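Remarks on the structure that follows.
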Amino acid sequence: MAGDFTKERGGRIEGEEVQAWQIGKAHRKIDAVDRMRGLLRYTDDLKLPGMLHCKIVRSPYAHAKILSIDSASVLAMPGVHGVVTGKDFPTPYGVIPWTPDENALAVDKALHVGDGVAAIAAIDEDTANAAARALKIEWEVLPAHFDPAESLASADQINPYSRTGNLSKKVMLEFGEVENQLASSSCVIEGDYFFEGSTHGAIEPHCAVANVEPNGVLTVWSATQVSHYLHRELAKVLDLPGNRIRVIQPPLGGAFGGKSEPFDLEFCVAKLALQTGRPVKCLYTREEVFYSHRGRHPMQMHYRTGFDKDGKILAVDAKTLIDGGAYSSFGLVTTYYSGQLLCAPYAFGSYRFDSKRVVTNKPACGPKRGHGSVQPRFAIECQLDKGAAALGIDPIELRRRNFIGHDTKTINEFQIGSNGFMECLERVEASSQWKERYGKMSYGRGLGVAGSTYISGTNYCIYPNDMPQAAVQVSLDRSGRARVFSGANDIGQGSSTMLAVIVSEELGLELADIRVVSADSDLCPVDLGAYSSRITLMVGNACVQAASRLRKQVVAHVASKWQIPAKRVNLVRGQAVDIENPETCMSLAEAFALAEAEDGMLSAVGNYNTPRDRHGEYRGGTIGASPAYSFTAHVAEVDVDVDTGVVQVIKVWVAHDCGRALSPKIVEGQMEGSVYMGFGEALMEQHVVDYNKGGVHTGPSLLDYRMPTFLDTPDIESLIVEEADDQGPYGAKEAGEGPLHPIIPAISNAIFDAVGVRMDKTPFSPPRVLAAIEARRAQEASGELAPHKAALREERR
């Protein structure tokens with residue numbers, strides 16, 4: 001045991017290399033057992049005395065004026081205690097402060113089927129539903145526009161707050177001489193791509209409960225992933241001071257970006273609680289989740305990519321039309337991300353992107369895992385594969401030749417630190433036996449590769465300010481335990497476990513002796529929320545700072561008592577130990593008590609704010625900037641049934657550079673979850689409305705909306721790459737979103753290797769794949785194309 005104490009330690013000693021005590025080890029999520037046993041209380045599990053139930057009345061029309069709402073007759077119904085409409089919420093809001101174009105309930109007109117227009121509070125859900133059905137609304141139906149190109153050309157303005165008609169946002173940026181570089185290219189690949197919209201598919205629907213305390217404080221419990229932004233918007237819309245509002249996020253049943261802004265139900269329960277003086281709960285049905293949406297944006301993309309004869313990328317020209325739906329949501333950022341996040345892991349000789357986000361009469365799109373950059377990544381990785389084929393270069397080799405490097409800048413001036421992309425390529429190449437099998441498997445069987453990068457948090461807060469992006473408070477108890485207070489939202493990704501692991505590493509405590517209190521605006525420091533893969537780097541750095549301050553404080557007092565230098569004191573495995581004389585030791589409870597006797601209560605706060613040197617100075621240059629970037633490479637193996645068009649993904653190899661894996665099992669879980677989600681988007685998922693039926697959703701339920709089950713999911717081999725970044729805690733970078741990006745183009749590229757057809761439109765459904773195969777067969781029969789894998793077709797038979 002003495003050997004363990006001398007080699008392991010929590011925290012770091014300057015100038016001395018020691019083995020980590022918790023970092024890099026396998027950890028169970030701290031709430032895993034309670035989740036598995038059904039003991040956690042989610043928002044819908046909250047039941048307060050006298051609680052009313054709220055139901056939101058939604059528009060049956062895609063675009064219609066509200067002429068009148070007869071609230072009085074519904075209020076007269078037995079059991080109904082309150083009704084609110086858009087007139088009760090005149091102040092518009094928006095998670096992005098420059099685009100407040102949404103009211104809690106529609107004021108003058110509804111902008112899509114499912115848009116909320118009234119909310120009713122009653123003694124139970126049945127009464128609330130009956131009242132919702134009875135509510136009389138007089139409508140004037142207006143022309144609806146579902147196609148973004150048609151909407152952009154129309155003079156009918158959809159969103160009344162828009163200052164640019166139906167153009168939500170336009171961004172055009174150019175770096176270098178794109179046209180000249182295209183003209184001088186040995187090979188120019190031009191292609192059109194379409195990425196269909198998709199939903200998040202979180203198990204837990206949105207839910208909110210509001211209660212007005214006797215002291216007048218409004219408490220809102222919400223299944224949100226951005227407690228702080230919800231707190232701000234509640235204060236704005238309800239015209240209440242922020243110090244009279246408390247927001248609590250109970251345990252969450254998934255989010256994936258779908259709960260990263262305020263929704264109508266939170267404002268409605270709050271207003272109804274203020275109006276009635278009773279607690280109010282609202283739980284979305286699954287249909288309401290689909291209509292509230294905020295999922296992946298459909299994008300139409302036209303790309304031109306120029307290569308020299310050796311495969312180096314000379315120019316990329318991207319034009320993107322984004323279907324935003326009825327409201328802005330994060331759309332300003334989405335429009336930038338559709339171009340700004342494309343410039344790594346490859347070096348571009350020149351680059352231009354022209355992106356337009358358009359308002360349509362559909363449920364609003366927003367951020368979904370890999371916000372704004374999954375769609376363009378699909379396009380560029382397919383372009384690279386086509387370029388490799390045209391030039392006769394192996395697709396992995398072409399990517400190697402364009403590697404951007406580390407400690408460098410992208411063409412759009414983002415600062416890149418550590419970069420493990422080359423190792424990612426090497427790992428998937430070796431593990432998949434790429435060299436032995438690519439292009440050599442039987443007809444119908446193929447391999448495809450793709451790479452990507454993603455941010456470890458946005459460099460700037462959504463609303464401009466000079467305050468820290470993250471703060472963590474750690475308090476030590478004389479009983480030998482620690483309490484960690486953080487505003488960070490654990491949405492299932494394990495952020496609370498990450499905090500406990502860091503405190504354990506720094507202070508030598510067992511994980512069981514660390515309590516994490518999170519996402520309660522009354523108890524915790526402000527944190528901006530779970531989005532853009534920010535928590536590990538930003539909140540983790542704040543936690544390291546707080547815990548290391550306490551460690552130094554405790555170590556100083558122990559060293560003083562033992563009359564030895566502080567560098568000889570190690571905190572590990574629940575004890576303070578003299579490294580040179582391990583028989584000299586005391587429990588951490590004793591060490592904490594010793595320090596508390598001298599200094600009083602042991603508590604420290606850590607803060608984190610981003611460096612300001614990660615981006616260029618041009619307009620929009622901050623959007624997409626990050627302290628650190630993760631890198632990923634995938635190889636996918638597919639089997640295509642050439643008679644039905646059914647694509648079976650056999651296996652996926654995913655290598656992800658996360659800087660340093662603080663908890664490898666949790667990192668692997670994020671990698672596998674990302675592959676699963678992207679695989680579903682590639683082959684099955686489409687969040688669409690029926691133009692011919694007035695804009696109703698084609699399948700707003702988990703029965704009709706196709707998502708993969710575990711029976712559909714391929715074998716996934718996760719390969720963690722650790723290229724430590726000095727911006728992250730212990731070198732860590734993100735792992736929650738980046739691993740999703742390459743899977744979709746990797747599958748598309750594998751289909752090409754298998755059967756010689758390019759799938760440039762998602763999802764790769766059997767009818768689409770079969771149609772492409774039949775078109776290829778016709779070209780082969782006419783002599784326009786040579787038979788794909790002609791020598792290997794007999795092997796398939």
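The values are calculated or read from the model by the stated rules, or taken from the named source; none is laboratory data. Only a predicted model underlies this, so the values are computations on that prediction, with no experimental measurement involved. Because the Cβ atoms are built from the backbone with ideal geometry, glycine has one as well, and the counts that use them run over all protein chains shown. Each accessible area value is taken on the protein alone, full model and side chains, heavy atoms only, with ligands, DNA and RNA left out. Shrake-Rupley method; radii C 1.70, N 1.55, O 1.52, S 1.80 Å.
Given axes a ≥ b ≥ c from the Cα gyration tensor, I'd like to know whether segment 591-684 is rounded (a/c under 1.5), prolate (a/b larger than b/c) or oblate.
On the way: a/c = 4.20, a/b = 1.86, b/c = 2.26.
Note, shape of segment 591-684 comes out oblate.
Counting only protein heavy atoms and using a 1.4 Å probe, what share of the accessible area of segment 636-773 belongs to carbon plus sulfur, as a whole percent?
Working: 2350 of 4610 Å².
With neighbouring chains kept in place, the figure for segment 636-773 is 51 percent.
The charge dipole of segment 290-386, taken about its Cα centre with unit charges on the Cβ of Lys, Arg, Asp and Glu (plus for the first two, minus for the last two), comes to roughly 280 debye.
Which shape class, rounded, prolate or oblate, goes with segment 680-797 when its Cα gyration tensor gives a ≥ b ≥ c as root eigenvalues, a/c under 1.5 marks rounded, and past that a/b bigger than b/c marks prolate? Verdict is oblate for segment 680-797. The structure shown yields P(r) over Cα pairs in 20 Å bins from 0, in percent, and of the options (i) 16, 46, 31, 7, 0; (ii) 11, 29, 25, 15, 10, 7, 3, 0; (iii) 13, 43, 31, 10, 2, 0 that calculated value carries the label (i).
Rolling a 1.4 Å probe across the protein heavy atoms gives the chain an accessible surface of 36 Å² per residue.
Amide H to amide H, with H built 1.01 Å from N, residue 575 comes under 5 Å of 588, counting only residues 5 or more places away or on other chains. Compared with the alpha-carbon gap, the fully stretched path from residue 133 to residue 590 is longer by 158.1 nm at 0.36 nm per residue. What's the center-to-center distance, using Cα atoms, between segment 397-431 and segment 618-637 in Å? If you average the Cα positions of each part, the centres end up 11 Å apart. The helix-based estimate of mean residue ellipticity at 222 nm for the chain, built from -39,500 (n - 2.57) per DSSP H run of four or more residues and divided by its residue count, is -8500 deg cm²/dmol to the nearest 500. Placing +1 on the Cβ of every Lys and Arg and -1 on the Cβ of every Asp and Glu, with no other charges, gives the chain a dipole of roughly 580 debye about its Cα centre. Cysteines in the chain lacking any other cysteine Cβ under 4.7 Å from their own Cβ: 187, 207, 268, 343, 365, 382, 424, 461, 524, 543, 585, 658.
Taking R0 as 25 Å, what's the FRET efficiency between residue 126 and residue 713 from their Cβ-Cβ distance, rounded to 0.05? Each step should come with its number before you reach the end.
Details: r = 38 Å, r/R0 = 1.54.
It comes to 0.05.
Only protein atoms count toward the accessible area here, which uses a 1.4 Å probe; on segment 27-84, the carbon and sulfur part of that area reaches 56 percent.
As a calculated quantity, the FRET efficiency between residue 186 and residue 407 at R0 = 22 Å, using C-beta atoms, amounts to about 0.15.
Can you tell me the length gained on complete extension of the stretch residue 215 to residue 179, counting 0.36 nm per residue apart and subtracting the Cα distance?
On the way: separation 36, 0.36 × 36 = 12.96 nm, distance 6.57 nm.
Result: 6.4 nm gained on full extension.
Sparsely packed loop sites in segment 600-633 (the chymotrypsin sites (Phe, Trp or Tyr not before Pro) outside DSSP H, G, I, E and B with at most 16 other Cβ atoms within 10 Å) comprise 618. Amide H contacts for residue 445 (H built 1.01 Å from N in the peptide plane; partners 5 or more residues away or on another chain; cut-off under 5 Å): 640. Each of residue 691 and residue 791 was given a label point 7 Å from its Cα along the Cα-to-Cβ line. The distance between the two points is 4.7 nm.
Between residue 286 and residue 646, the C-beta separation translates, for a Förster distance of 25 Å, into a calculated FRET efficiency of about 0.35.
As a rough guide to protection, the peptides 35-43, 154-162 ranked by mean Cβ packing within 10 Å, highest first, stand as 154-162, 35-43. For residue 113, the residues whose amide H sits under 5 Å from its own are 62, ignoring neighbours fewer than 5 places away on the same chain, with H placed 1.01 Å from N.
Highest mean first, what order results for 570-577, 27-34, 207-214 on Cβ atoms within 10 Å?
Details: 570-577: 23.1, 27-34: 15.9, 207-214: 21.2.
The peptides rank, most packed first, as 570-577, 207-214, 27-34.
Would you work out what percent of the accessible area of segment 307-457, with all protein chains in place, is carbon or sulfur (probe 1.4 Å)? Whole-percent figure for carbon plus sulfur exposure: 46.
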